[in-house]
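K.L.:
Can you keep this structure in mind? I'll have questions shortly.
The values are calculated or read from the model by the stated rules, or taken from the named source; none is laboratory data. Keep in mind it's a predicted model, so treat the numbers as computed, not measured. So basically every Cβ, Gly included, is an ideal-geometry build from the backbone, and we count neighbours across all protein chains shown. These area figures cover heavy atoms from the full protein model, side chains too; ligands, DNA and RNA do not enter into them. Shrake-Rupley method; radii C 1.70, N 1.55, O 1.52, S 1.80 Å.
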Amino acid sequence: MCGIVGAISKRDVSDILLEGLKRLEYRGYDSAGMAVLNKGLLERVRRPGKVSELGDALQESNLNGIVGIAHTRWATHGVPSEYNAHPHICNGRVAIVHNGIIENYQELREQQSKAGFKFTSDTDTEVIAHQIVYYLDQGDSLFFAVQNTVKDLKGAYALGVIDRTDEDRIIAARSGSPLVIGVGEDENFIASDVHALLKETQKFIYLENGDIAEITRDKISIFDLNGEFVEREIKSSKQSSDAAEKGEYAHYMLKEIYEQPRAIADTLEGRILNGKVMDEILGPKAKGILDKVQAIQIIACGTSYHAGLVAKYWFEEIAGIHCHVEVASEFRYRKHVVRPGTLFVTISQSGETADSLAALLQAGSENYVGSLVICNVPESSLVRESDLALMTHAGPEIGVASTKAFTTQLVALMMLVILVGRRNGLHPEMEKILVEQLLNLPVRINKALSLDDPIKELAQLYKDKHHTLFLGRGSHHPIAMEGALKLKEISYIHAEAYAAGELKHGPIALVDADMPVITVAPNNELLEKLKSNIEEVRARGGELHVFADAGCAFEKDEGMQLIELDAPENAVAPIIFTIPLQLLSYHVAVLKGTDVDQPRNLAKSVTVE
């Protein structure tokens, strides 16, 4: 969601802040702004729209300073506009940036209005700035004013705060929303994630929930929820500053699609020995927890939810245990019946998804044998709060529409299926076969990527389309769901996915010559039934676009566009079928002229409800 950057230095920080905002654009936003301190002056520039528009305005204003904060806003309270953009300033003294939602802001707003505070925005954030100034007026230092303010807040927040009368510190605080401190030489930084700061430092401190930090040029002091001084470990990032650059590719999404063979190979590296997946990949507690597992509860959102749905087929067919999958936002608001021996599994690219994190914290008070997260970001909240972690090694994913994070999640899930299945009767020879399928994936996916040209040609048929149906059966039904999600996310074409057997139970009413029907057709035991579903579409004049394994023996005709893959019948075939659907959605979006990497209304990391 919103992106925060802050810096305190002996040099001008405006370029550092602007570069940080550019690196946070992938999070999703509608406006941007910056405030800096210099010789007792607090100056601010804000603009609706892109960071580039803020950059143009900064050039005109010649804004510079040695302390500053900056922000990209994704609207929650109040329309996208300059007056709602961050930073927010109270009484010309305190400037703040905020990621999160303050649930009791109306109550605070009424109190502050009665106390004489004037509001210049429709946001929930402005009450935080006013509350800080209220405590400053009572004689508190900036640190204690922020400390007292957060006690008055209900909701989620990551905060960066500066005071016009004090150029020697930034105050940072977090609860629910992520915030990191970048450690430099005679300068320090804050940001929503490390990507914003990789050009400045490789050393980071990850704040815990409830932490408040006082940051000067040469010192970082952190206090926990109880106000006690704490030491937080400085971590060294292995990411390079150019890891998040597009390079030769027109868009981050296309780059990330093509990075999938390497990302999958990296996710498998060091985790397989002599044809076996090693227990140790989950951490030191793995054996004790896995030995107790009799069922799986998967919680996720969006694309990660689709990965969980594929894994449900795998857990029940390969590992032979019950698996339930649910979206986190529904799970956290209902009562649950927990089966004995259930492992609680969350899946998240960022590890900061608000609903998934809340569900995990709730599960801690229920009778699960343990918790495990599949995640792409070390030191994220979900990783820190889980008993076990299986990290994907996708590297930075900047495009909002997830690609390599999804396929590496599926690879990680298959490794987990093998570990659980081994304890439930999975034959060693079958494990070797599954491991071989995983190890062959990079080659198979490279072959699927070679279909880019015919898929680009197929995309031409979607230039004027507004609706699409996706069909799949078995473990490929979630792949159809993921394909539909990708198409609607970045091309804004209304797309729905159905289990192919459900076609005649309603969706077939939509089929006509103007409705493309995309079918995922693996060469498995359901192929003949799927072909019957396809004939039902053909008989009604539907426009069929079939992605099929080359061994399926489809006959191409005027009513069918056929893309053939090298995806033989095996457990990991759903991962291979994902690739052409990603390419199709990408090329359609390019033809439609949409913002591929930053589609409207969407954010990469959903850190609020």
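K.L.:
Could the peptides 380-386, 163-169 be put in order, highest first, of the mean number of other beta-carbon atoms found within 10 Å of their residues?
P.N.:
Packing order, densest peptide first, comes out as 380-386, 163-169.
K.L.:
Output wanted: per-residue J couplings in Hz (rounded whole) for segment 490-497, from phi through Karplus 6.51 cos²θ - 1.76 cosθ + 1.60, θ = phi - 60°, x for Gly and Pro.
P.N.:
Residue by residue, segment 490-497 yields 10, 10, 6, 7, 5, 9, 10, 10 Hz.
K.L.:
If you don't mind, there's one more thing I want to ask. Please give me the summed charge of the neighbours of Ala263: other residues whose Cβ is under 10 Å from its Cβ, Lys and Arg +1, Asp and Glu -1. Each step should come with its number before you reach the end.
P.N.:
Numbers: positive: Arg262, Lys404; negative: Glu256, Glu259, Asp266, Glu397.
Around Ala263, the charge tally is -2.
K.L.:
State whether segment 162-287 is rounded, prolate or oblate according to the following rule on the C-alpha gyration tensor (a ≥ b ≥ c being the square roots of its eigenvalues): a/c under 1.5 gives rounded; otherwise a/b larger than b/c gives prolate, and the remaining case gives oblate. Don't skip to the end; give the middle numbers.
P.N.:
Working: a/c = 2.85, a/b = 1.52, b/c = 1.87.
The shape class here is oblate.
K.L.:
Could you calculate the contour length gain from Lys292 to Asp464, that is, 0.36 nm times the residue separation minus the distance between their Cα atoms, to one decimal place in nm?
P.N.:
56.5 nm
K.L.:
If you don't mind, another one. Using Cα-only point scatterers and the Debye equation, what is log10 of I(q)/I(0) for the chain at each q in 0.05, 0.09, 0.11, 0.12 Å⁻¹, rounded to two decimals?
P.N.:
-0.23, -0.74, -1.05, -1.19
K.L.:
Between Ser532 and Asn274, take the C-beta separation as r, use R0 = 35 Å, and let me know the FRET efficiency to the nearest 0.05.
P.N.:
The calculated FRET efficiency here is 0.20.
K.L.:
Here's something else I'd like to know. Quick one: compute the contact order of segment 1-94, relative version, from alpha carbon pairs under 8 angstrom and 6+ residues apart, as a percent.
P.N.:
Worked out over segment 1-94, it gives 38 percent.
K.L.:
Separate question: To the nearest 500 deg cm²/dmol, what mean residue ellipticity at 222 nm is calculated for the chain from DSSP H runs of n ≥ 4 alone, each contributing -39,500 (n - 2.57), summed and divided by the residues?
P.N.:
Details: 18 runs with 203 residues, N = 609.
Calculated from helices alone, the mean residue ellipticity at 222 nm is -10000 deg cm²/dmol.
K.L.:
Go through segment 106-116 residue by residue and turn each phi into a ³J(HN,Hα) via Karplus (6.51, -1.76, 1.60, θ = phi - 60°); whole Hz please, and just put x for glycine and proline.
P.N.:
For segment 106-116, the Karplus-derived couplings read 5, 4, 5, 4, 5, 4, 6, 4, 5, 7, x Hz, x marking Gly and Pro.
K.L.:
What GluC sites (Glu not before Pro) does segment 195-253 have in DSSP loop regions with at most 11 other beta carbons within 10 Å?
P.N.:
In loop regions of segment 195-253 (DSSP not H, G, I, E or B), the sparsely surrounded GluC sites (Glu not before Pro) are Glu228, Glu231, Glu233, Glu248.
K.L.:
Also, I was wondering about something else. Could you look at segment 281-424 and say what percent of its accessible area is carbon and sulfur, using a 1.4 Å probe and all protein chains?
P.N.:
On the way: 2350 of 4590 Å².
For segment 281-424, the apolar C and S fraction of the accessible surface comes to 51 percent.
K.L.:
Over what distance in Å are the Cα centres of segment 504-534 and segment 445-500 separated?
P.N.:
Distance between centres, Cα-based: 13 Å.
K.L.:
Once you sort the root eigenvalues of the Cα gyration tensor of segment 1-120 as a ≥ b ≥ c, which label holds: rounded (a/c under 1.5), prolate (a/b larger than b/c) or oblate (the other case)?
P.N.:
Details: a/c = 1.98, a/b = 1.33, b/c = 1.49.
The shape class here is oblate.
K.L.:
What percent does the relative contact order of segment 369-469 come to when contacts are Cα pairs within less than 8 Å and at least six residues apart?
P.N.:
Relative contact order here is 16 percent.
K.L.:
What does the charge count around Gly139 come to, taking other residues whose C-beta lies under 15 Å from its C-beta (Lys +1, Arg +1, Asp -1, Glu -1)?
P.N.:
Every neighbour counted, the sum reads -3.
K.L.:
Right, here's the next one. Could you please put Tyr492, Tyr206, Tyr333 in sequence from largest to smallest accessible area, using a 1.4 Å probe? Working shown, then result.
P.N.:
Numbers: Tyr492 70, Tyr206 45, Tyr333 140 Å².
Ranked from most to least accessible, the order is Tyr333, Tyr492, Tyr206.
K.L.:
Here's something else I'd like to know. How large is the accessible surface of Tyr249 in square angstrom, using a 1.4 angstrom probe and rounding to the nearest 10?
P.N.:
Only protein atoms counted, so the area is about 70 Å².
K.L.:
Follow-up question, since we're still on this one. Using a 1.4 Å probe and ignoring any ligands, DNA or RNA, find the accessible area of Leu282 and quote it in Å² to the nearest 10.
P.N.:
10
K.L.:
In addition: Hey, what do the phi angles of segment 163-173 turn into as Karplus ³J(HN,Hα) couplings, whole Hz, using 6.51/-1.76/1.60 and θ = phi - 60°, x for Gly and Pro?
P.N.:
For segment 163-173, the Karplus curve yields 10, 3, 8, 9, 8, 9, 7, 10, 9, 10, 8 Hz.
K.L.:
Mean separation of Cα pairs under 8 Å and 6+ residues apart, divided by the residue count of the chain: what relative contact order is that in percent?
P.N.:
12
K.L.:
With a 10 Å radius around each residue's Cβ, average the other Cβ atoms per peptide and rank 67-74, 192-199, 568-575, highest first.
P.N.:
Details: 67-74: 29.1, 192-199: 24.2, 568-575: 20.9.
Ranked by mean Cβ neighbours within 10 Å, highest first: 67-74, 192-199, 568-575.
K.L.:
Using modelled amide H (1.01 Å from N, peptide plane; none on Pro or chain starts), what sits under 5 Å from the amide H of Val373, excluding residues fewer than 5 places away?
P.N.:
Thr346, Leu388, Ala389, Leu390
K.L.:
Largest first, what is the accessible-area ranking of Glu431, Glu53 with a 1.4 Å probe?
P.N.:
If we order Glu431, Glu53 from most to least accessible, we get Glu53, Glu431.
K.L.:
So how much accessible area does Asp56 have, in Å² to the nearest 10, using a 1.4 Å probe?
P.N.:
90
K.L.:
While we're on this one: What is the calculated FRET efficiency for Asn64 to Glu107, with r their C-beta to C-beta distance and R₀ = 25 Å, to the nearest 0.05?
P.N.:
About 0.05, to the nearest 0.05.
K.L.:
Quick check: residue separation of Ile220 and Glu185 times 0.36 nm, minus the Cα distance between them. What number comes out in nm? Mind showing how you got there, number by number?
P.N.:
Working: separation 35, 0.36 × 35 = 12.60 nm, distance 1.21 nm.
Taking 0.36 nm per residue and subtracting the Cα distance, the gain is 11.4 nm.
K.L.:
What number comes out for accessible area per residue over the chain if the probe is 1.4 Å? Units Å², please.
P.N.:
Accessible area per residue, the chain: 39 Å².
K.L.:
OK, next. Provide the packing ranking of 217-227, 321-331, i.e. peptides ordered by the mean count of other C-beta atoms within 10 Å per residue, highest first.
P.N.:
321-331, 217-227
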